[in-house]
Amino acid sequence: MLLENIDTPAALKTLDIAELKTLAEEMRAYLLAVLSEHPGHFAPNFGTVELAIALHTVFNTPRDKIVWDIGHQAYPHKLLTGRRDAFPTLRQLDGISGFLSRDESEYDVFGAGHSSTSIAAALGIAAARDMVNAAYKVVAVIGDGGLTGGMALEGLNAAGSLGTQKSQKNLLVILNDNQMSISATVGALGHHLKAHLEATDIKDLTDLYRKGFFSFSKHFHTLTSSPNYNFLRSGVKELMNHISPEAKALASKVEAALKPGTLFEELGFRYFGPIDGNDLDALIPVLTGIRQLPGPILLHLWTEKGRGYRPAEADPVGFYSVSGPFNLKTGKTTRQKSRIPTYTEVFSQTLTQLARRDARVVGVTAAMPGGTGLDKFADAFPNRCFDLGLAEQCAVTFAAGLATEGLRPVVAIYSTFLQRGYDQVLHDVCIQNLPVIFALDRAGLVGADGPTHHGVFDLAYLRSIPNMVVMAPKDENELQHAVKTALVYQDGPIAFRYPRGAGIGVKMEEMPKAFPFGSGELVREGDDMLIVAVGNRVHPALSAAKTLEENGVSAAVINARFIKPLDTALILPLAERIGKVITVEDGVVMGGFGSAVLEALSDAGLTGVQVKRLGIPDAFVAHGDTSQLYALCGCDENGIVRAAVSLSHPGGAVSNLTYGRKPR
């Protein structure tokens, strides 16, 4: 097999085009074999096999720099850059990352996990290159979904502007256009690209590039910048009235190749494409030609998500990411579906149920209707759900605008992605005290997606903003009550957060009901230790309390429920009486929930209470199974027991205790 002999991209340069095509087939087969057994991003990577091969064949990496946007589509890049044998460890503890990581490989020029960063990063790299008069090439690869993000457009704007100067000219942006982000690409820019692709015969246009059209296209861009261009254009239009139908057909194909670039040309880019990004016969000569040109240049490629695997070609959304083993022939999962609903499903069902009684409730998402469960809400209320594309800042301020007119917008967003809209939360929502609801999915440690996706900062950054209310239900049953509480609350912004995946299997009450505002609950009595837990750490705290009781330590447990406002009427008297407190959260301890409890104790003058804060330490947590990661952070059941013992018996033999279940 050819793939077995590719340890660095340099080996690609010894292969002819037929061998490169064979390599592409082998890479897809290897991706399929691994991803059918191990979770990972699927369809995006099947669409970029030829692109990765062509880039590493034409460019001299790692000297030439390739910046991949997000990283969802960079598995082929990993296979070609020395990580083939490690690929089965993908997204596992101590294995390779599912995204780009500078710590993992010199070929991963810029780390990514969130969208739309590649153009700005590549522009910065190009500027640094030019400052030292180096001569390497810089390439940014971005999808049409990523291009809808404001940061991508800002990068294009800056690159076009800097490209008119003497320096920063040599930058190539490759638009990997598959009409998808995770779900279908939305927005005017996406519609513009889609309309152009639908009006273009990609096969014929790719054939033109193969047959030397690239050379003509290169000179055409020089022509269009001439002051005589408009005069010449009028003459050509008149000439078109006197030529044969065959010539007109050819001219129409030429126009199709040149017309869509207007948008990018106006931003200062030279535009080439669109061409078939899965056709190595076209890709390699076009990239070879472009490599010789000054920039900035935008190459528009059409690729097919899931290419080479029919189930993924038919359902690119369903195969965007695979979460477990599946049958290679049918594409159907071989793992039995849990009867326990996911947190996302509980949120979606509850919101849809309550929205039937209140026409003011509307949903807002940033290109994640499926991931957040708003797709089901949109099915029920198509005119009450808004997808703003990969534009979290826009989504938050859009929701603020809705709220000014009396609507009840629910912004459903992954915790990690709300970081991108932090200023809008503060400036546009909280300063104006607008009743916007934030439903933060994937809170806490999310597992295999790693440090770019862990939702561990939200408690710290939200609780610091005036007017913001923050909740964290302990399980799926409490989540439905949190949704109800948020809709009932109308005095300002409110957020509730919940983890990824299935609930823990608790009994669901028939109807959601609002919590008493700002209230926690004492879920276990005790005299020796007080454990104040929040969100998905409450049940591990209860398990830890049981283990402690078996070892002679009586621990009380509070389910805080509200991070802000904190239920000080419940917490402070117990803390004062017991004198030893452990706080447990699935967020960062720096400024998080534990800090809120410490602040409350200090403000009340209870400085003699001993406090141990458990949560995510001041470090970026790697990828791996969530139970492993919580254990490593010391905030699982065993970690809580160890902390309690260290408070109860300072310097004692902790190892003599039984610490409950081992991490699975």
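Is it true that Leu479 is part of a loop (DSSP other than H, G, I, E, B), among the aliphatic types (A, V, I, L, M) and modelled with pLDDT of 95 or more? So Leu479 does not fit the description; no. If you go through the range 583-598 one residue at a time, how many are within 24 Å of the chain's Cα centre (by Cα) and either part of a helix (DSSP H, G or I) or charged (D, E, K, R) (or both)? So the count comes out to 2. On inspection, Leu374 does not qualify as buried (at least 16 other Cβ atoms within 10 Å of the Cβ), at pLDDT below 95 and under 27 Å from Pro451 (Cβ atoms). In summary, Val396 fulfils each of the numbered conditions (1) in contact with a helix residue (DSSP H, G or I) (Cβ under 8 Å, 6 or more places away or on another chain); (2) touching a residue at least 60 places away in the same chain (Cβ under 8 Å) with the single exception of condition (2).
Looking across the range 21-53 at every residue that is part of a helix (DSSP H, G or I) and acidic (Asp, Glu), the one that is surrounded by the most Cβ atoms within 10 Å (Cβ to Cβ) is identified as Glu50. Annotation: of all residues in the range 389-402 being of a type in the set (A, V, I, L, M, F, W, C) and at pLDDT below 95, the one that is farthest from Gln179 (Cα to Cα) is Ala391. Set side by side, the residues Asp387, Asp428, Asp423 differ, and just one is among the acidic types (Asp, Glu) and surrounded by fewer than 20 Cβ atoms within 10 Å (Cβ to Cβ), which is Asp423.
The set of residues in the range 610-629 that are part of a helix (DSSP H, G or I) and either over 21 Å from the mean Cα position of the chain (by Cα) or over 17 Å from Ala541 (Cβ atoms) (or both) comprises Ser627, Gln628, Leu629.
Matching residues to (1) in the same structural domain as Pro88 (by the TED database); (2) crowded, with 18+ Cβ neighbours inside 10 Å; (3) touching a Pro at 6+ places or on another chain (Cβ under 7 Å); (4) not basic (Lys, Arg):
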residue	(1), (2), (3), (4)
Phe272	yes, yes, no, yes
Asp279	yes, yes, no, yes
Ile284	yes, yes, no, yes
Ile290	yes, yes, no, yes
Trp302	yes, yes, yes, yes
Phe319	no, yes, yes, yes
Gly324	no, no, yes, yes
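Just one of the numbered conditions (1) modelled with pLDDT of 95 or more; (2) on the phi > 0 side of the Ramachandran plot is not true of Ala367; which one? Single failed check for Ala367: (1).
Does Thr81 meet the test of being under 21 Å from Met1 (Cα atoms), of a type in the set (Val, Ile, Thr) and in contact with a Leu (Cβ under 6 Å, 6 or more places away or on another chain)?
It is false that Thr81 is under 21 Å from Met1 (Cα atoms), of a type in the set (Val, Ile, Thr) and in contact with a Leu (Cβ under 6 Å, 6 or more places away or on another chain).
Does the range 59-71 contain at least one residue that is more than 18 Å from Asn278 (Cα to Cα) and in a helix (DSSP H, G or I)?
Initial filter on the range 59-71 (more than 18 Å from Asn278 (Cα to Cα)): 60-67, 69-71.
Among the residues that remain, those that are also in a helix (DSSP H, G or I) are: none.
No, the range 59-71 contains no residue that is more than 18 Å from Asn278 (Cα to Cα) and in a helix (DSSP H, G or I).
For the range 556-570, the condition of being of a type in the set (Gly, Ala, Ser), touching a residue at least 12 places away in the same chain (Cβ under 8 Å) and touching a Gly at 6+ places or on another chain (Cβ under 7 Å) holds for at least one residue.
Can you pull out every residue in the range 546-575 that is touching a Lys or Arg at 6+ places or on another chain (Cβ under 8 Å), within 24 Å of Ala502 (Cβ to Cβ) and not in a strand (DSSP E or B)?
Filtering the range 546-575 down to residues touching a Lys or Arg at 6+ places or on another chain (Cβ under 8 Å) leaves 555-557, 559, 561, 563-564, 567.
Going one step further and asking which of them are within 24 Å of Ala502 (Cβ to Cβ), we end up with 557, 559, 561, 563.
Listed by number, the list holds a single entry, Arg561.
Among the residues of the range 607-620, write down those that are surrounded by 18 or more Cβ atoms within 10 Å (Cβ to Cβ) and within 12 Å of Leu572 (Cα to Cα). Residue satisfying the conditions is Val609 alone.
Of the residues in the range 487-513, how many are under 21 Å from Asp441 (Cβ atoms) and either under 25 Å from the mean Cα position of the chain (by Cα) or part of a loop (DSSP other than H, G, I, E, B) (or both)? Here the count works out to 17.
Of all residues in the range 104-130, none satisfies the criterion of being at pLDDT below 95, assigned to a loop (DSSP other than H, G, I, E, B) and either over 14 Å from the mean Cα position of the chain (by Cα) or under 15 Å from Ser161 (Cβ atoms) (or both).
Glu525: over 30 Å from Glu345 (Cα atoms) and loosely packed, with under 14 Cβ neighbours inside 10 Å, yes or no? For Glu525, the condition - over 30 Å from Glu345 (Cα atoms) and loosely packed, with under 14 Cβ neighbours inside 10 Å - is met.
In summary, Thr352 fulfils each of the numbered conditions (1) assigned to a loop (DSSP other than H, G, I, E, B); (2) closer than 20 Å to Tyr414 by Cβ; (3) among the hydroxyl-bearing types (Ser, Thr, Tyr) with the single exception of condition (1). Quick one: which of Thr350, Thr333 is touching a Leu at 6+ places or on another chain (Cβ under 8 Å), not basic (Lys, Arg) and not assigned by the TED database to the domain that holds Leu32? Criteria check complete, one pass: Thr350. Within the range 76-95, the residues that satisfy the criterion of being out of contact with any helix residue (DSSP H, G or I) (no Cβ under 8 Å at 6 or more places or on another chain) and either not in a helix (DSSP H, G or I) or not assigned by the TED database to the domain that holds Asn45 (or both) are Gly82, Arg83, Asp85, Ala86, Arg91, Gln92, Asp94.
Report yes if Val538 is under 28 Å from Leu354 (Cα atoms), outside any loop (DSSP other than H, G, I, E, B) and out of contact with any Gly (no Cβ under 6 Å at 6 or more places or on another chain), otherwise no. Criteria met by Val538. Filtered by the rule that a residue be buried (at least 24 other Cβ atoms within 10 Å of the Cβ), in a loop (DSSP other than H, G, I, E, B) and aliphatic (A, V, I, L, M), the range 431-447 gives Val436, Ala443, Leu445, Val446.
Of the residues Val141, Val109, Val58, the single one that is touching a residue at least 24 places away in the same chain (Cβ under 8 Å), among the β-branched types (Val, Ile, Thr), surrounded by fewer than 24 Cβ atoms within 10 Å (Cβ to Cβ) and under 27 Å from Thr22 (Cβ atoms) is Val58.
The values are calculated or read from the model by the stated rules, or taken from the named source; none is laboratory data. None of these values were measured; they are calculated from a predicted model. Heads up, the Cβs are rebuilt from the backbone with ideal geometry, glycines too, and the neighbour counts pull from every protein chain shown.
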